[in-house]
Amino acid sequence: FCQGTADENGQTPSFKDKLLKFLNRYGHLLWIGGLVFVFLTVCSTCSFIYPMNEWVDSNVYFTIGKAMLGGKVLYRDIFDQKGPYLFMAHSFAYLISHRSFIGVYLLELALAFVFAYAEYRILLLYIEKKYALISMPVIMFASYATYAFVYGDSAEEFTLPFMALSLFFLLEFTKGRKMSLLRYGVVGAFTSYTLWIKFTLCGFYFAWALLMLIFELKDKNYRHLLLGIAVFFAAFFAVCVPVLIYFGVNNALGDLWEAYFYRNIFVYTSGTEGENTGFARKLFWPIWMYIRSIGYGYTFYILIIPGFIFLALSKEFTRREKAAIFTAYAVMNFIIYVGGRGGKYYGLPVNIFSFIGIVAISKVRFTAKAWNFLFKKFYVVAGVCTFLLAGLSIAINPLRYMVFSKRSSRVQYRFAEIIKEYPSANIINYGALDLGVHTATDTFPECKYYFKPNMALPVVMETQNEWVREGKADYVVATAPLPEEISGNYELIATGRQFADSIYEDYYLYRLITLTQAGN
């Protein structure tokens, strides 16, 4: 950023000199931190400029996280198919803020800072510092102003920075630095953490381990490789220990296996559109999911696609560097989509490869003079670029209509005003995912299947039908009227319609009739 002023005469440095020295040493961190704050605030609906994060998945994580704090045992007493560390992170977020996602937003800022710093360090392997600094707003825009980011707070987002750091370790190794035992241990811990967030994202780490095995064997570093493997797995199992203790103490190891592994592997994928449509459809459906993900992540694929072409044709990269990048990318995507499922957010981790587009641009001859000129006006250019890209982030954000809107404008908080006279109300989301009412009311679910997951489990609707038929829930929230044959114990007390993402959604709030009578 700045050049420090030398103290040649032995005089006490002035405040300006100290400031310049500080900026010279830590200015890049301040710059990265500022970019993280701007782009996460604009792009994540967990931030303070949005009334709430309405994404059903995010509300599931938040509700189950607080339910665990209330004594519910994950998978045994309350069900979802994501990993335990994701819910534990949301338990922590709940301690910060009970009726909003500000706690999640603070976690996102920390995660995004690690991600941005890792991408910056990767860029420094290939381009000059000044180019890396100028390109960081583009990296942040490409990574977060995308449909793949959805509302913010996806499982993929919680693993993103650790993949970026692991990629940095790998690429620095291909540039000649020895992979230290500490780094083997760190990546082992990252792998285990990812396993207990969403295990289909471990494809990247499988590629990482395979590449390191091949490279170390080729370099005949046998002893170091064996030590590295030992440290890797020691760290891996150390991160597993809290999970195993939690479920072991609660006699729920069987529930962990069935809910998180068995159902994800054998039940969750059976609900794809490719089900029972023939071998060819099942074979090519994951390919279609991958192709569709390019559209969802177009902001970073604009960098990745030309970057990969440059990487393939360039002589500036060694075979080892090319093998590392292409193999990690290919294996990551294969494991993500092999099951045939593909939400908008599935491809988000791919943006760790955005750096390659910046490297390609920096190698074009005419850009050197242009970037040198821009760097001389760094503060002006940085401010203008950040302002324009942040504005563009809002402009292309399908949720921009929610910016600075009041909580009272959202159905969830309007329903919460009705329910607040019963602070401990028992609520279920009938036939739907978590619609956010538990967040708005700060209530704890009692029903194990308090929402309907995207999984073919007959027990879910059987349980919900039983709860409605027998009047076990105080309130029922739904996106369609309750079936007449089971709704006799409830009265419809409120409805609402609001724009959510790209469609209008109807909401229905039912109250137990005996609860109304007791109140009267």
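Charged side chains reduced to their Cβ positions (Lys and Arg at +1, Asp and Glu at -1) give the chain a dipole of some 2340 debye around its Cα centre.
Whole-Hz Karplus values for the stretch 78-83 come out as 8, 10, 7, 9, 7, x Hz, taken residue by residue from phi with 6.51 cos²θ - 1.76 cosθ + 1.60 and θ = phi - 60°; glycine and proline positions read x. I'd like the carbon and sulfur percentage of the solvent accessible area for the chain, probe radius 1.4 Å, heavy atoms only, ligands and nucleic acids excluded. Percent of accessible area from carbon and sulfur atoms in the chain: 63. Taken about its Cα centre, the stretch 175-275 carries a charge dipole of roughly 760 debye when the Cβ of each Lys and Arg holds +1 and the Cβ of each Asp and Glu holds -1. Classification of the stretch 41-88 by its C-alpha gyration tensor yields a prolate form. The axis ratio a/c (a ≥ b ≥ c) is 1.5 or more, and a/b outweighs b/c.
Taking 0.36 nm per residue of sequence separation and removing the Cα-Cα distance, the Trp288/Ala323 pair yields an extension gain of 10.1 nm. A cut-off under 9 angstrom between Cβ atoms defines the neighbours of Phe62, and their net charge, with Lys, Arg +1 and Asp, Glu -1, is -1. Taking 7 Å steps out from each Cα toward its Cβ at Ala456 and Lys130 produces label points 6.0 nm apart. Compared with the direct C-alpha span, the chain from Ser314 to Asp506 gains 63.8 nm at full extension, assuming 0.36 nm per residue. Look at the Cα gyration tensor of the stretch 420-520: its axes a ≥ b ≥ c give a/c under 1.5, and that counts as rounded. Remark: the Cα gyration tensor places the stretch 60-148 in the prolate category, a/c being 1.5 or greater and a/b exceeding b/c.
Lys420: net charge of surrounding residues, Cβ under 14 Å, Lys/Arg +1, Asp/Glu -1, itself excluded? Within the 14 Å Cβ shell, the charges total 0. Along the stretch 21-28 the Karplus relation, 6.51 cos²θ - 1.76 cosθ + 1.60 evaluated at θ = phi - 60°, assigns HN-Hα couplings of 5, 4, 5, 5, 8, 10, x, 5 Hz to successive residues, with x for each Gly and Pro. Here Val241 and Phe199 are evaluated by their C-beta separation; at R0 = 25 Å the FRET efficiency comes out at 0.90. Longest stretch of the chain clear of exposed loop sites (GluC sites (Glu not before Pro), DSSP loop, at most 13 other Cβ atoms within 10 Å, sites excluded): 9-272. Charge tally around Asp153: other residues with Cβ under 12 Å, Lys/Arg +1 each, Asp/Glu -1 each, net -4. Listed values (1) 23.7; (2) 29.6; (3) 36.3 include one computed from this model; for mean projected area of the Cα convex hull in nm² that value carries the label (2). Compared with the alpha-carbon gap, the fully stretched path from Asn465 to Leu181 is longer by 96.8 nm at 0.36 nm per residue. With both residues required to sit in the chain, DSSP beta bridges show an antiparallel share near 75%. Principal-axis analysis of the Cα atoms of the chain puts helix 102-124 at an angle of about 30° to the longest axis. Of the trypsin sites (Lys or Arg not before Pro) found in the stretch 141-196, those in coil by DSSP whose Cβ has at most 15 other Cβ atoms within 10 Å are Lys175, Arg177, Lys178. Taking the dipole about the Cα centre of the chain, with the C-beta of Lys and Arg at +1 and of Asp and Glu at -1, give me whichever of Gly33, Ile245, Phe173 is farthest to the positive side. In the chain, that residue is Phe173. In order along the stretch 459-470, the phi-based Karplus estimate (6.51 cos²θ - 1.76 cosθ + 1.60, θ = phi - 60°) of 3J(HN,Hα) comes to 4, 5, 6, 4, 5, 5, 4, 5, 5, 6, 4, 9 Hz; Gly and Pro are listed as x. Excluding ligands, DNA and RNA, the accessible surface per residue across the chain is 44 Å² with a 1.4 Å probe.
The values are calculated or read from the model by the stated rules, or taken from the named source; none is laboratory data. The structure displayed is predicted, hence computed values, not measured ones. Methodologically, a virtual Cβ is constructed for each residue, glycine included, from the backbone with ideal geometry; neighbour enumeration extends over all protein chains shown. Just so you know, the surface numbers come from the protein's heavy atoms only, side chains and all, with ligands and any DNA or RNA stripped out. Shrake-Rupley method; radii C 1.70, N 1.55, O 1.52, S 1.80 Å.
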